[in-house]
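Have a look at the structure below before the remarks.
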Amino acid sequence: MMLWSATVALLGLFTTLQVEATSHRPDLRVPACPRKATASFDKTLPDNKPFPKTSVDLCYTNSALKLVFTATGESKYYVDEKQGTNDEIWRYEVMEAFISRGSEDPATYLEFEINPKNVTYQAFVYNPTRVRAENAPFDHFFVSDPIGDGLVAKTTTDAAKKLWVSDVTIPLALFNAESDVFRLRGSQWRMNFFRTITNETLYPDQILGAWKSPGKASFHITPAFGHITFI
């Protein structure tokens, strides 16, 4: 009887672990390149009003995550021309990706930003409250040599089509994840994507858009990050 009870208990524990491991269905399944998956959004944050369509195509290789950001409805390409790598480009017009390996709400994650002039910002964020709580630690650790590290980008603009596109390569080694494609299949990730819009009249205010809405005008709410699986 005791052996039977122990067996039943172990089976119950195994079932519970299975349920917990599969409780989050992926919001997006990302294939190996050259196939791709797309995250897109067209609503403002946080009031859910119409927003110029923005999309991010994703795929992966054995060494990199490939992202293609596409911003439509652009009229101003409003940036500070004096800004360079890791300056506060987020005060103007950017597209952004927040990326973490694993399925949990992350306390640390990569913040990558790019503007229409191909200027980039890349840093690992330390956000232990996961919601950027007031009077709590919140810090950034910059990737100081992105090109040398293999984090590269190319941006093109088309004023006639009111469009800008950024093709980005992010090394998986930043997440201790570089491997062959077969081993990467099934890996779990948390990500979110954002865009800011402003112009000479609106600045310093911005219009914000997000793939997975945090529910308020803050990008650093990690429980809102989407669940992504490499397939």
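Under the 0.36 nm per residue contour assumption, what length would be gained going from the current alpha-carbon distance of Glu88 and Arg185 to full extension?
Length gained, Glu88 through Arg185: 31.4 nm.
Give the calculated FRET efficiency between Asn48 and His140 to the nearest 0.05, with a Förster radius of 22 Å applied to their Cβ-Cβ distance.
Efficiency computed from Cβ-Cβ geometry: 0.15.
Take the Cα atoms of segment 27-230, build their convex hull, and give its volume per residue in Å³.
119 Å³
Can you tell me the order of 83-92, 136-145 when each peptide is scored by its average per-residue count of other Cβ atoms within 10 angstrom, highest first?
Details: 83-92: 15.8, 136-145: 12.6.
Highest to lowest by the protection proxy: 83-92, 136-145.
Sorted from fewest to most neighbouring beta carbons within 10 Å, what does the list Lys161, Lys76 look like?
Lys161, Lys76
May I ask you to list the residues of segment 99-121 whose amide nitrogen lies under 19 Å from a point 7 Å from Cα along the Cα→beta-carbon direction of Glu81?
In segment 99-121, the label zone of Glu81 (backbone N under 19 Å from the point 7 Å along Cα→Cβ) covers 115-120.
What does the charge count near His220 come to, summing +1 for each Lys or Arg and -1 for each Asp or Glu among other residues with Cβ under 10 Å from its Cβ?
In short, +1.
Tell me the mean residue ellipticity at 222 nm calculated for the chain from its helices only (DSSP H runs of n ≥ 4, each -39500 (n - 2.57), averaged over every residue, nearest 500).
Rounded to the nearest 500, it is -3000 deg cm²/dmol.
How high is the relative contact order of segment 27-230, given as a whole-number percent (alpha carbon pairs under 8 Å, six or more residues apart)?
On the way: 500 pairs, mean separation 56.3, N = 204.
Reported as a whole number, the value is 28 percent.
Work out the FRET efficiency for Thr201 and Thr156 from their Cβ-Cβ distance, taking R0 = 30 Å, and round it to the nearest 0.05.
With a Förster radius of 30 Å, E is 0.70.
Among the listed pairs Lys49/Lys82; Lys43/Lys66; Lys36/Lys117; Lys161/Lys216, which have their C-alpha atoms separated by more than 28 angstrom in this model?
Working: Lys49/Lys82 32 Å; Lys43/Lys66 24 Å; Lys36/Lys117 25 Å; Lys161/Lys216 31 Å.
In this structure, Lys49/Lys82; Lys161/Lys216 lie more than 28 Å apart at Cα.
Here, each number is a calculation from the coordinates, and none is a lab measurement. From a predicted model like this one, the values you see are computed outputs, not experimental measurements. FYI the Cβ positions are ideal-geometry reconstructions off the backbone, even for glycines, and counts take in every protein chain you see.
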